[in-house]
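The structure appears below as structure tokens.
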Amino acid sequence: MIDVHSHILHGLDDGAETLETSLAMLRMAAETGTTDIVATPHADLSFPYRPELNAERMAELSAAGNGSPRIHLGCDFHLHYENIQDALAHPTRYTINHKCFLLVEFSDLVIFSSSGQILGSLLDAGMRPVITHPERNALLQQRIPLLAEWVAQGCHLQVTAGSLLGGFGRRAKEIAEELMRRGLVDIVASDAHDCEHRPPRLDLARAHISRQWGKETADRLLVRNPGAVLVGDPLESSDLPPGGAARARKWYRFWR
Ligand SMILES: [Fe+2]
């Protein structure tokens, strides 16, 4: 499996605090079936984006580890004004592996009415926004039709593995399941911060999704789509029966 969202690099944000923790997280990921993990330090008002330092820490961790899983670089891009302006000026600066996919985290406090336009600008600049864990955001939980609009616009939704297992409470689980039913989810990732409370494990979610939605769906969400993210290929859409917001194409949504 491929995990496109983790806070595995130490001393950069609220993720791993020490190199030892980073290494323990890497080991846990490898032992539970993850072959590739993307380090996505926060880029927000609390943790400024420092790409050189991120690359340094990634090299340090790669050298200290045994190459399994492979580590890639991205960032957890908070949707605020300065970030947006900078990303529009430098479209591959914040994206995963400097390809086209950009993790986008919405504020818990306010969803601007211009959000659709902002996402449109990012798309027009060549980025493919991947909206992270909408099921855990109290404001987005109430805006599923808006999420469906953004998906129709060309964005993707990433759900946290732990949400599907109930680790973020009943409401997050219900919303994650509703997004799955509507065929709106394209990626499941760990958003790991440590080994105890928010671990870098995808295996439990894979088993759960396989049981509830079928092995094919589990592979799409945890293997094929995240693999496409690493290289900047188009993602596979859901072929689940429509639950109100069916997507136009069964398989591939082509680039604009
Ligand atoms: Fe995150």
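Six or more apart or on different chains, Cβ atoms under 8 Å: show the pairs whose first residue is in segment 68-88 and over 15 Å from L102 (Cβ atoms) and whose second is of a type outside the set (A, V, I, L, M) and within 14 Å of the ligand (Cβ to nearest atom).
These pairs meet every condition: P69/D3.
May I ask you to verify whether D14 is under 18 Å from the mean Cα position of the chain (by Cα), modelled with pLDDT of 95 or more and open to solvent by 10 Å² or more (accessible area, probe 1.4 Å)?
So D14 passes the test.
Within the set of pairs 6 or more residues apart or between chains, which connect a residue that is farther than 21 Å from D76 by Cβ inside segment 142-160 to a residue that is assigned to a helix (DSSP H, G or I) and of a type in the set (V, I, T) with Cβ atoms less than 7 Å apart?
Taking only residues 6 or more apart or on different chains, not a single pair turns up.
Looking at segment 90-103, can you tell me whether even one residue there is within 23 Å of E135 (Cβ to Cβ), open to solvent by 20 Å² or more (accessible area, probe 1.4 Å) and away from the ligand (no atom under 16 Å from the Cβ)?
Among the residues of segment 90-103, not one is within 23 Å of E135 (Cβ to Cβ), open to solvent by 20 Å² or more (accessible area, probe 1.4 Å) and away from the ligand (no atom under 16 Å from the Cβ), which makes the answer no.
Taking segment 114-152 on its own, how many of its residues are in contact with a helix residue (DSSP H, G or I) (Cβ under 6 Å, 6 or more places away or on another chain) and within 16 Å of the ligand (Cβ to nearest atom)?
Residues meeting the conditions: 5.
If you go through segment 41-57 one residue at a time, do you hit one that is within 16 Å of the ligand (Cβ to nearest atom), among the hydrophobic types (A, V, I, L, M, F, W, C) and open to solvent by 10 Å² or more (accessible area, probe 1.4 Å)?
Scanning segment 41-57, I find at least one residue that is within 16 Å of the ligand (Cβ to nearest atom), among the hydrophobic types (A, V, I, L, M, F, W, C) and open to solvent by 10 Å² or more (accessible area, probe 1.4 Å), so the answer is yes.
Would segment 127-137 turn up any residue that is out of contact with any Phe, Trp or Tyr (no Cβ under 6 Å at 6 or more places or on another chain), buried (at least 17 other Cβ atoms within 10 Å of the Cβ), modelled with pLDDT of 95 or more and more than 23 Å from M1 (Cβ to Cβ)?
yes
Under 8 Å between Cβ atoms, at least 6 apart or on separate chains: pull out the pairs that start in segment 25-37 with a residue that is without any contact (Cβ under 8 Å) to a residue 60 or more places away in the chain and surrounded by fewer than 24 Cβ atoms within 10 Å (Cβ to Cβ) and end on any residue that is of a type outside the set (G, A, S) and not in a helix (DSSP H, G or I).
Short answer, once both residue conditions are applied: A30/P69; T35/M1; T35/I2; T35/P69; T35/R70.
Taking F77 as meeting all but one of (1) within 14 Å of the ligand (Cβ to nearest atom); (2) closer than 16 Å to V231 by Cα, write down the number of the exception.
(2)
Here are some conditions: (1) touching a Ser or Thr at 6+ places or on another chain (Cβ under 9 Å); (2) closer than 30 Å to G169 by Cα; (3) away from the ligand (no atom under 13 Å from the Cβ). I111 meets all but one. Which one does it not meet?
All conditions pass for I111, except number (1).
State all residues of segment 204-237 that are outside any helix (DSSP H, G or I) and in contact with a Lys or Arg (Cβ under 9 Å, 6 or more places away or on another chain); if no residue qualifies, say none.
Answer for segment 204-237, where residues must be outside any helix (DSSP H, G or I) and in contact with a Lys or Arg (Cβ under 9 Å, 6 or more places away or on another chain): G232, D233, P234, L235, E236, S237.
The values are calculated or read from the model by the stated rules, or taken from the named source; none is laboratory data. Note that the structure is a prediction, hence the values are computed from the model and not measured. Every residue, glycine among them, receives a Cβ derived from its backbone with ideal geometry; neighbour counts consider all protein chains shown. To get the accessible areas, we keep the full protein, side chains included, count just its heavy atoms, and leave off ligands, DNA and RNA. Shrake-Rupley method; radii C 1.70, N 1.55, O 1.52, S 1.80 Å.
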